[in-house]
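Structure record follows, encoded as structure tokens.
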Amino acid sequence: MTRVWLVDRQFDSKGLVRLTYATEDGERMHTKELAEQRLVTGNGITAGRDVDDTALGESPADDIERFAAEASRMAAEHDPDDVV
């Protein structure tokens, strides 16, 4: 298992939210899609999570630096279970 941190969330016109979590070095990422309604009725989105290594992909080269900065900031300011 690898700890990843929330680095991006995007909303689409179909009511879906795409959450992107990345490792602190920004090199690896994990995405999760869920219904926007779940943000309201669920337990919220956490700052970090542990994911299986097989669920991680390579981050796009253009995003590595941004993901690393945001993941490091999230790790410094939040516990993994903090709702953000």
So what is the relative contact order of the chain, in percent, for Cα pairs below 8 Å that sit 6 or more residues apart? 37
How far apart, in nanometres, would the label points at K32 and A55 be if each is projected 7 angstrom from Cα along the Cα-to-Cβ direction? 0.6
Cα long-axis angle, helix 64-77 against the chain (0 to 90 degrees, to the nearest 10): 70
Figure the gain on full extension for D8 and D62 (residue separation times 0.36 nm, minus the Cα-Cα span) and round it to one decimal in nm. 18.0 nm
In debye, nearest 20, what is the charge dipole magnitude of the chain about its Cα centre with +1 on Lys and Arg Cβ and -1 on Asp and Glu Cβ, if you could check? 380
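Each value in this text was obtained by applying a stated rule to the coordinates, not by laboratory testing. Since the model is a prediction, treat every value here as computed from it, not as a measurement. Note: ideal-geometry Cβ built from the backbone for every residue, glycine included; neighbour counts use all protein chains shown.
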